[in-house]
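*Asks:* Got a structure here, written out as C-alpha coordinates. Questions coming.
The values are calculated or read from the model by the stated rules, or taken from the named source; none is laboratory data. Since this is a predicted model, take the numbers as computed values, not measurements. Backbone-built Cβ (ideal geometry, glycine too); neighbour counts: all protein chains shown. Ligands, DNA and RNA are excluded from the accessible area calculation, which covers all protein heavy atoms including side chains. Shrake-Rupley method; radii C 1.70, N 1.55, O 1.52, S 1.80 Å.
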Amino acid sequence: MQILVTGAAGFIGSTLALRLLARGDRVVGLDNLNDYYDVSLKQARLERLRAHPGFAFEKADIVEREEMARLFASKRFDAVMHLAAQAGVRYSIENPATYVDANLVGFANVIEGARRSNVGHFVFASSSSVYGANARLPFAEDDNIDHPVSLYAATKKANELIAHSYAHLYRLPCTGLRFFTVYGPWGRPDMALFKFTRGILAGEAIPVFNRGEMVRDFTYVDDIVEGVIRVIDRPAQADPDWSALAPRPSSSNAPYRIYNIGNSQPVKLMRYIEVLEQCLGKMAKLDLLPLQAGDVPETIADVSRLEAAVGFRPGTPVETGIARFVEWYRSYYRV
(Lines give C-alpha, C1' and ligand atoms only; values in the text may rest on other atoms or scores of the structure.)
Protein backbone atom coordinates (compact mmCIF):
# COMPACT_ATOMS: atom_id res chain seq x y z
CA MET A 1 0.00 0.00 0.00
CA GLN A 2 0.94 3.63 -0.37
CA ILE A 3 0.07 5.44 2.85
CA LEU A 4 0.15 9.13 3.69
CA VAL A 5 1.29 9.79 7.25
CA THR A 6 0.80 13.40 8.29
CA GLY A 7 2.95 14.57 11.18
CA ALA A 8 5.64 12.12 10.04
CA ALA A 9 8.43 13.96 11.84
CA GLY A 10 6.49 13.70 15.09
CA PHE A 11 6.71 11.19 17.92
CA ILE A 12 3.96 8.77 16.89
CA GLY A 13 4.14 9.57 13.17
CA SER A 14 7.82 8.68 12.78
CA THR A 15 7.44 5.50 14.81
CA LEU A 16 4.43 4.45 12.74
CA ALA A 17 6.13 5.26 9.44
CA LEU A 18 9.10 3.07 10.37
CA ARG A 19 6.83 0.12 11.07
CA LEU A 20 4.92 0.59 7.82
CA LEU A 21 8.16 0.77 5.84
CA ALA A 22 9.50 -2.33 7.58
CA ARG A 23 6.52 -4.37 6.43
CA GLY A 24 6.90 -3.20 2.83
CA ASP A 25 4.47 -0.30 2.50
CA ARG A 26 5.40 2.89 0.68
CA VAL A 27 5.05 5.92 2.92
CA VAL A 28 4.70 9.57 2.04
CA GLY A 29 5.48 11.52 5.17
CA LEU A 30 4.15 15.06 5.52
CA ASP A 31 5.27 17.59 8.13
CA ASN A 32 5.76 21.35 8.34
CA LEU A 33 8.68 21.02 10.81
CA ASN A 34 7.40 23.88 12.97
CA ASP A 35 9.28 25.07 16.04
CA TYR A 36 6.73 24.10 18.70
CA TYR A 37 9.65 22.10 20.08
CA ASP A 38 13.24 21.32 19.07
CA VAL A 39 13.32 21.01 15.28
CA SER A 40 16.59 19.04 15.42
CA LEU A 41 14.72 16.20 17.14
CA LYS A 42 12.19 16.17 14.31
CA GLN A 43 15.03 16.14 11.78
CA ALA A 44 16.66 13.22 13.57
CA ARG A 45 13.41 11.26 13.38
CA LEU A 46 13.20 12.01 9.66
CA GLU A 47 16.76 10.80 9.07
CA ARG A 48 15.72 7.36 10.29
CA LEU A 49 12.93 7.34 7.72
CA ARG A 50 15.02 8.65 4.83
CA ALA A 51 17.21 5.56 5.10
CA HIS A 52 14.33 3.57 3.57
CA PRO A 53 13.82 3.66 -0.23
CA GLY A 54 10.06 3.41 0.21
CA PHE A 55 9.87 6.77 2.02
CA ALA A 56 9.21 10.17 0.45
CA PHE A 57 9.02 13.39 2.43
CA GLU A 58 6.72 16.32 1.73
CA LYS A 59 7.45 19.50 3.68
CA ALA A 60 4.06 21.18 3.77
CA ASP A 61 1.57 22.74 6.15
CA ILE A 62 -1.88 21.17 6.40
CA VAL A 63 -3.34 24.64 7.01
CA GLU A 64 -2.48 25.63 3.44
CA ARG A 65 -5.47 24.51 1.38
CA GLU A 66 -3.78 24.80 -2.00
CA GLU A 67 -0.78 22.77 -0.84
CA MET A 68 -3.04 19.99 0.37
CA ALA A 69 -5.06 20.04 -2.84
CA ARG A 70 -1.84 19.78 -4.87
CA LEU A 71 -0.57 16.85 -2.81
CA PHE A 72 -3.75 14.82 -3.17
CA ALA A 73 -4.02 15.65 -6.88
CA SER A 74 -0.46 14.51 -7.56
CA LYS A 75 -0.38 11.26 -5.53
CA ARG A 76 -2.72 8.37 -4.91
CA PHE A 77 -3.02 6.93 -1.42
CA ASP A 78 -4.59 3.68 -0.31
CA ALA A 79 -4.91 5.06 3.22
CA VAL A 80 -4.24 8.23 5.19
CA MET A 81 -3.11 8.27 8.82
CA HIS A 82 -3.70 11.83 9.92
CA LEU A 83 -1.56 12.65 12.96
CA ALA A 84 -0.52 16.22 12.20
CA ALA A 85 -2.04 18.52 14.81
CA GLN A 86 -1.20 21.05 17.45
CA ALA A 87 -0.78 18.89 20.52
CA GLY A 88 -0.90 19.69 24.22
CA VAL A 89 -3.67 20.61 26.61
CA ARG A 90 -1.85 23.38 28.45
CA TYR A 91 -0.52 25.11 25.34
CA SER A 92 -4.09 25.44 24.05
CA ILE A 93 -4.99 27.68 26.99
CA GLU A 94 -2.44 30.29 25.92
CA ASN A 95 -2.47 29.82 22.14
CA PRO A 96 -6.02 28.97 21.04
CA ALA A 97 -5.64 30.27 17.48
CA THR A 98 -2.94 27.71 16.76
CA TYR A 99 -5.41 24.91 17.55
CA VAL A 100 -8.14 26.41 15.42
CA ASP A 101 -5.72 26.59 12.48
CA ALA A 102 -4.03 23.18 12.73
CA ASN A 103 -6.74 21.04 14.30
CA LEU A 104 -9.81 22.45 12.56
CA VAL A 105 -8.76 24.14 9.32
CA GLY A 106 -5.90 21.70 8.76
CA PHE A 107 -8.04 18.68 9.52
CA ALA A 108 -10.70 19.87 7.07
CA ASN A 109 -8.09 20.35 4.33
CA VAL A 110 -6.70 16.83 4.75
CA ILE A 111 -10.02 15.01 4.92
CA GLU A 112 -11.27 16.96 1.90
CA GLY A 113 -8.18 15.87 -0.02
CA ALA A 114 -8.80 12.28 1.01
CA ARG A 115 -12.40 12.53 -0.15
CA ARG A 116 -11.59 14.07 -3.52
CA SER A 117 -8.91 11.47 -4.29
CA ASN A 118 -11.02 8.48 -3.20
CA VAL A 119 -8.70 7.33 -0.40
CA GLY A 120 -9.62 3.85 0.79
CA HIS A 121 -9.46 4.59 4.52
CA PHE A 122 -9.06 7.84 6.44
CA VAL A 123 -7.73 7.19 9.94
CA PHE A 124 -7.12 10.04 12.35
CA ALA A 125 -5.82 10.69 15.85
CA SER A 126 -8.34 11.74 18.43
CA SER A 127 -7.55 11.85 22.14
CA SER A 128 -8.62 10.64 25.57
CA SER A 129 -8.97 14.36 26.34
CA VAL A 130 -12.38 14.32 24.64
CA TYR A 131 -13.86 12.62 27.72
CA GLY A 132 -13.44 15.93 29.57
CA ALA A 133 -15.60 16.33 32.66
CA ASN A 134 -16.99 12.80 32.32
CA ALA A 135 -16.05 10.94 35.53
CA ARG A 136 -17.43 7.53 34.60
CA LEU A 137 -14.54 5.06 34.43
CA PRO A 138 -13.22 3.35 32.44
CA PHE A 139 -13.86 5.67 29.52
CA ALA A 140 -15.81 3.93 26.75
CA GLU A 141 -16.37 5.10 23.20
CA ASP A 142 -20.11 5.47 23.66
CA ASP A 143 -19.77 7.73 26.72
CA ASN A 144 -20.99 11.30 26.53
CA ILE A 145 -18.21 13.70 25.46
CA ASP A 146 -20.21 16.92 25.39
CA HIS A 147 -18.20 18.63 28.14
CA PRO A 148 -14.57 19.13 27.03
CA VAL A 149 -12.41 20.97 29.56
CA SER A 150 -9.79 22.26 27.10
CA LEU A 151 -9.85 23.73 23.61
CA TYR A 152 -7.54 20.93 22.50
CA ALA A 153 -10.19 18.39 23.53
CA ALA A 154 -12.90 20.41 21.80
CA THR A 155 -10.95 20.39 18.52
CA LYS A 156 -10.53 16.62 18.74
CA LYS A 157 -14.24 16.12 19.29
CA ALA A 158 -14.86 18.39 16.31
CA ASN A 159 -12.58 16.17 14.22
CA GLU A 160 -14.73 13.17 15.08
CA LEU A 161 -17.88 15.03 14.04
CA ILE A 162 -16.38 16.25 10.77
CA ALA A 163 -15.19 12.74 9.96
CA HIS A 164 -18.65 11.33 10.54
CA SER A 165 -20.18 13.86 8.19
CA TYR A 166 -17.71 12.85 5.47
CA ALA A 167 -18.41 9.17 6.08
CA HIS A 168 -22.13 9.86 5.80
CA LEU A 169 -22.11 12.23 2.82
CA TYR A 170 -19.34 10.73 0.71
CA ARG A 171 -19.09 7.16 2.08
CA LEU A 172 -15.44 7.83 2.94
CA PRO A 173 -14.40 5.14 5.44
CA CYS A 174 -13.25 7.03 8.56
CA THR A 175 -11.83 5.71 11.83
CA GLY A 176 -10.91 7.89 14.81
CA LEU A 177 -8.49 6.66 17.45
CA ARG A 178 -8.57 8.09 20.96
CA PHE A 179 -4.98 7.83 22.21
CA PHE A 180 -4.33 7.61 25.95
CA THR A 181 -1.15 9.30 27.31
CA VAL A 182 1.41 7.97 24.83
CA TYR A 183 5.05 7.74 25.94
CA GLY A 184 8.28 6.11 24.83
CA PRO A 185 11.54 6.66 22.90
CA TRP A 186 11.69 9.63 20.52
CA GLY A 187 8.88 11.33 22.50
CA ARG A 188 8.01 15.01 22.63
CA PRO A 189 9.99 17.30 24.96
CA ASP A 190 6.79 18.93 26.24
CA MET A 191 5.49 15.61 27.62
CA ALA A 192 5.71 14.68 31.30
CA LEU A 193 8.19 11.81 31.00
CA PHE A 194 10.60 13.96 28.97
CA LYS A 195 10.31 16.87 31.41
CA PHE A 196 10.69 14.63 34.46
CA THR A 197 13.79 12.93 33.06
CA ARG A 198 15.46 16.20 32.13
CA GLY A 199 14.66 17.74 35.52
CA ILE A 200 15.79 14.76 37.61
CA LEU A 201 19.10 14.47 35.75
CA ALA A 202 19.68 18.22 36.17
CA GLY A 203 18.87 18.06 39.89
CA GLU A 204 15.92 20.41 39.44
CA ALA A 205 12.48 20.16 41.02
CA ILE A 206 9.93 18.63 38.66
CA PRO A 207 6.36 20.04 38.51
CA VAL A 208 3.85 17.49 39.81
CA PHE A 209 0.29 18.71 39.31
CA ASN A 210 -2.66 17.86 41.53
CA ARG A 211 0.03 17.16 44.13
CA GLY A 212 0.63 13.79 42.54
CA GLU A 213 -2.98 12.62 42.90
CA MET A 214 -3.27 11.81 39.20
CA VAL A 215 -3.96 8.48 37.52
CA ARG A 216 -3.13 7.93 33.87
CA ASP A 217 -3.54 5.14 31.37
CA PHE A 218 0.06 5.41 30.16
CA THR A 219 0.33 3.70 26.76
CA TYR A 220 3.65 2.70 25.21
CA VAL A 221 4.20 4.05 21.71
CA ASP A 222 4.81 0.63 20.10
CA ASP A 223 1.41 -0.51 21.39
CA ILE A 224 -0.21 2.57 19.87
CA VAL A 225 1.47 1.86 16.54
CA GLU A 226 0.42 -1.79 16.54
CA GLY A 227 -3.17 -0.74 17.11
CA VAL A 228 -2.99 1.91 14.40
CA ILE A 229 -1.63 -0.50 11.79
CA ARG A 230 -4.30 -3.08 12.51
CA VAL A 231 -6.97 -0.42 12.17
CA ILE A 232 -5.52 0.94 8.91
CA ASP A 233 -5.80 -2.54 7.44
CA ARG A 234 -9.51 -2.77 8.29
CA PRO A 235 -11.43 0.11 6.69
CA ALA A 236 -14.48 1.20 8.65
CA GLN A 237 -17.82 -0.19 7.53
CA ALA A 238 -21.40 0.70 8.28
CA ASP A 239 -22.68 -0.93 11.46
CA PRO A 240 -25.65 -3.16 10.54
CA ASP A 241 -26.92 -3.00 14.13
CA TRP A 242 -26.81 0.80 14.41
CA SER A 243 -30.17 2.41 15.18
CA ALA A 244 -31.17 6.02 14.66
CA LEU A 245 -33.60 5.61 17.56
CA ALA A 246 -30.77 4.64 19.93
CA PRO A 247 -27.61 5.93 18.21
CA ARG A 248 -24.20 4.79 19.43
CA PRO A 249 -21.49 7.45 19.03
CA SER A 250 -18.78 4.88 18.28
CA SER A 251 -20.35 3.61 15.03
CA SER A 252 -22.92 4.58 12.42
CA ASN A 253 -24.95 3.55 9.42
CA ALA A 254 -22.07 5.25 7.59
CA PRO A 255 -18.57 3.68 7.32
CA TYR A 256 -17.36 5.20 10.58
CA ARG A 257 -15.76 3.91 13.78
CA ILE A 258 -14.22 5.31 16.97
CA TYR A 259 -11.82 3.26 19.12
CA ASN A 260 -9.89 3.86 22.32
CA ILE A 261 -6.23 2.84 22.29
CA GLY A 262 -4.99 2.69 25.88
CA ASN A 263 -3.11 0.32 28.13
CA SER A 264 -6.20 -0.18 30.36
CA GLN A 265 -3.81 -0.58 33.31
CA PRO A 266 -4.03 2.76 35.12
CA VAL A 267 -0.93 3.92 36.97
CA LYS A 268 -0.68 6.52 39.72
CA LEU A 269 1.53 9.43 38.76
CA MET A 270 3.71 8.95 41.83
CA ARG A 271 4.34 5.32 40.80
CA TYR A 272 5.29 6.54 37.32
CA ILE A 273 7.85 8.90 38.89
CA GLU A 274 9.10 6.14 41.20
CA VAL A 275 9.80 3.83 38.24
CA LEU A 276 11.61 6.67 36.46
CA GLU A 277 13.76 7.28 39.56
CA GLN A 278 14.72 3.62 39.59
CA CYS A 279 15.64 3.64 35.91
CA LEU A 280 17.71 6.81 36.27
CA GLY A 281 19.27 5.80 39.58
CA LYS A 282 18.47 9.22 41.01
CA MET A 283 15.74 10.59 43.25
CA ALA A 284 13.41 13.34 42.08
CA LYS A 285 12.81 16.66 43.79
CA LEU A 286 9.08 17.28 43.65
CA ASP A 287 7.31 20.61 43.23
CA LEU A 288 3.77 19.68 44.27
CA LEU A 289 1.27 21.93 42.51
CA PRO A 290 -2.54 22.16 42.28
CA LEU A 291 -4.50 20.66 39.39
CA GLN A 292 -3.89 22.71 36.29
CA ALA A 293 -6.71 24.10 34.17
CA GLY A 294 -7.65 21.74 31.37
CA ASP A 295 -6.39 18.60 33.11
CA VAL A 296 -8.51 15.69 34.25
CA PRO A 297 -7.50 13.76 37.40
CA GLU A 298 -7.92 10.24 36.04
CA THR A 299 -8.02 8.41 32.71
CA ILE A 300 -8.66 4.72 32.08
CA ALA A 301 -9.46 3.22 28.68
CA ASP A 302 -12.01 0.55 27.92
CA VAL A 303 -10.40 -1.15 24.89
CA SER A 304 -12.88 -3.98 24.45
CA ARG A 305 -14.16 -2.57 21.14
CA LEU A 306 -10.64 -2.32 19.73
CA GLU A 307 -9.82 -5.86 20.84
CA ALA A 308 -13.02 -7.22 19.32
CA ALA A 309 -12.42 -5.40 16.04
CA VAL A 310 -8.70 -6.04 15.43
CA GLY A 311 -7.66 -8.68 17.97
CA PHE A 312 -5.23 -6.49 19.90
CA ARG A 313 -5.03 -4.73 23.24
CA PRO A 314 -2.00 -2.76 24.50
CA GLY A 315 -0.12 -4.37 27.36
CA THR A 316 3.39 -2.97 27.81
CA PRO A 317 3.90 -2.22 31.53
CA VAL A 318 5.36 1.14 32.53
CA GLU A 319 8.39 -0.60 34.04
CA THR A 320 9.33 -1.83 30.57
CA GLY A 321 8.33 1.29 28.67
CA ILE A 322 10.09 3.78 30.94
CA ALA A 323 13.28 1.70 30.92
CA ARG A 324 13.31 1.81 27.12
CA PHE A 325 12.70 5.54 27.12
CA VAL A 326 15.57 6.19 29.56
CA GLU A 327 17.90 4.03 27.47
CA TRP A 328 17.01 6.05 24.38
CA TYR A 329 17.22 9.40 26.21
CA ARG A 330 20.71 8.69 27.59
CA SER A 331 21.92 7.57 24.17
CA TYR A 332 20.38 10.44 22.20
CA TYR A 333 21.44 13.20 24.59
CA ARG A 334 24.64 11.46 25.70
CA VAL A 335 23.88 11.79 29.43
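*Asks:* Once you put a point 7 Å from the Cα of residue 323 and another 7 Å from the Cα of residue 69, both along the Cβ direction, what distance in nm separates them?
*Replies:* 5.4
*Asks:* Return the ratio Rg/(2.2 N^0.38 Å) for segment 1-141, where Rg is computed over Cα atoms only.
*Replies:* 1.07
*Asks:* Rounded, prolate or oblate for segment 8-74? Axes are the square roots of the Cα gyration tensor eigenvalues, ordered a ≥ b ≥ c, and the cut-off for rounded is a/c under 1.5.
*Replies:* The shape class here is oblate.
*Asks:* Of all GluC sites (Glu not before Pro) in segment 218-298, which ones are in loop regions per DSSP and have a Cβ with at most 11 other Cβ atoms within 10 Å? Don't skip to the end; give the middle numbers.
*Replies:* On the way: sites: 226, 274, 277, 298; in loops: none.
Here no loop site has a sparse enough neighbourhood.
*Asks:* With a probe of 1.4 Å, find how much accessible area segment 1-51 has per residue, and write the answer as a whole number in Å².
*Replies:* Details: 1770 Å² over 51 residues.
Here the residues of segment 1-51 average 35 Å² of exposed surface.
*Asks:* Turning to a different aspect of this structure: Can you give me the Cα centroid spacing of segment 153-198 and segment 90-108 in angstrom?
*Replies:* Taking the Cα centre of each part, segment 153-198 and segment 90-108 sit 13 Å apart.
*Asks:* By how many nm would the segment from residue 330 to residue 291 lengthen if fully extended, with 0.36 nm per residue of separation less the alpha-carbon distance?
*Replies:* Using 0.36 nm per residue and subtracting the Cα-Cα distance, I get 11.0 nm.
*Asks:* Which trypsin sites (Lys or Arg not before Pro) in segment 70-165 pass both tests, a DSSP loop state and at most 12 other beta-carbon atoms within 10 Å? Walk me through the numbers on the way to the answer.
*Replies:* On the way: sites: 70, 75, 76, 90, 115, 116, 136, 156, 157; in loops: 75, 76, 136.
When the trypsin sites (Lys or Arg not before Pro) of segment 70-165 are filtered for loop state and at most 12 Cβ neighbours within 10 Å, 76, 136 remain.
*Asks:* I'd like the accessible area for residue 319: 1.4 Å probe, protein heavy atoms, all chains in place, Å² to the nearest 10.
*Replies:* 80
*Asks:* With no solvent and one equal point scatterer per Cα, compute the Debye intensity ratio I(q)/I(0) for segment 237-335 at 0.21, 0.24 Å⁻¹ and report its log10, rounded to two decimals.
*Replies:* -1.14, -1.25
*Asks:* Using DSSP to define loop residues, name the trypsin sites (Lys or Arg not before Pro) in segment 221-306 whose beta-carbon has at most 16 other beta-carbon atoms within 10 Å. Mind showing how you got there, number by number?
*Replies:* Values: sites: 230, 257, 268, 271, 282, 285, 305; in loops: 282.
Hits after loop and neighbour filter: 282.
*Asks:* Measure off, as a whole percent, the carbon and sulfur share of the 1.4 Å-probe accessible area of the chain, all protein chains present.
*Replies:* Carbon plus sulfur share of accessible area: 51 percent.
*Asks:* So between residue 93 and residue 248, what do we pick up on full extension, going 0.36 nm a residue minus the alpha carbon distance? Walk me through the numbers before you get to the answer.
*Replies:* Working: separation 155, 0.36 × 155 = 55.80 nm, distance 3.08 nm.
Extra length available between residue 93 and residue 248 comes to 52.7 nm.
*Asks:* Still on this structure, please answer the following. Can you give the angle from 0 to 90° between the axis of helix 65-74 and the longest principal axis of the chain, with both taken from C-alpha atoms, to the nearest 10?
*Replies:* Between helix and principal axis, roughly 60 degrees.
*Asks:* Expressed as a whole number of Å, what is the distance separating the alpha-carbon centroids of segment 301-335 and segment 1-68?
*Replies:* 21
*Asks:* For the chain, what is the calculated [θ] at 222 nm in deg cm²/dmol (nearest 500), taking -39500 (n - 2.57) for each run of four or more DSSP H residues and dividing by its residue count?
*Replies:* The helix contribution divided over the chain gives -12000 deg cm²/dmol.
*Asks:* Taking 7 Å along the Cα-to-C-beta vector as the label spot, tell me the residue 283-residue 204 distance in nanometres, rounded to one decimal.
*Replies:* It is 2.1 nm.
*Asks:* Going through the cross-link list 59/156; 156/285; 42/156, which pairs have a Cα-Cα distance over 26 Å in this structure?
*Replies:* Result: 156/285 exceed 26 Å.
*Asks:* List, in order, the whole-Hz ³J(HN,Hα) value for each residue of segment 196-202 obtained from phi through the Karplus relation with A = 6.51, B = -1.76, C = 1.60 and θ = phi - 60°; use x for Gly and Pro.
*Replies:* Couplings: 4, 4, 4, x, 4, 5, 8 Hz.
*Asks:* Taking N as the number of residues in segment 78-117, what is its alpha-carbon radius of gyration divided by 2.2 N^0.38 Å?
*Replies:* Dividing the Cα Rg of segment 78-117 by 2.2 N^0.38 Å gives 1.33.
*Asks:* Looking at the chain only, what percent of DSSP beta bridges run antiparallel? Nearest 5 please.
*Replies:* Among the beta bridges of the chain, antiparallel pairing accounts for roughly 5 percent.
*Asks:* Probe 1.4 Å, all protein chains in place: accessible area of residue 147 in Å², nearest 10?
*Replies:* 120
*Asks:* Run through all the Cα pairs of the chain and give the fraction in each 20 Å bin from 0, expressed as whole percent.
*Replies:* 32, 60, 8
*Asks:* Could you identify which residue out of 148, 266, 290 has the top mean-square fluctuation in a GNM of the chain using Cα springs shorter than 10 Å?
*Replies:* With Cα springs under 10 Å in the chain, the top fluctuation among 148, 266, 290 is at 290.
*Asks:* Apply the Debye scattering formula to segment 57-123, with a single equal point scatterer on each alpha-carbon and no solvent, then give log10 I(q)/I(0) at q = 0.15, 0.16, 0.20, 0.21 Å⁻¹.
*Replies:* Scattering profile of segment 57-123, log10 relative to I(0): -0.48, -0.54, -0.78, -0.84.
*Asks:* More than 14 angstrom separation, counting every C-alpha pair in segment 179-257; what % is that?
*Replies:* Values: 2285 of 3081 pairs.
Here the long-distance tail beyond 14 Å is 74 percent of all Cα pairs in segment 179-257.
*Asks:* Gap in Å between the Cα centre of segment 264-281 and the Cα centre of segment 114-149?
*Replies:* Each part's Cα centre sits 27 Å from the other's.
*Asks:* Something else: Taking a spot 7 Å from the Cα of residue 47 along the direction of its beta carbon, which residues of segment 24-41 have an amide N less than 12 Å from it?
*Replies:* Once the point is set 7 Å along Cα→Cβ of residue 47, 40-41 turn out to lie under 12 Å by backbone N, inside segment 24-41.
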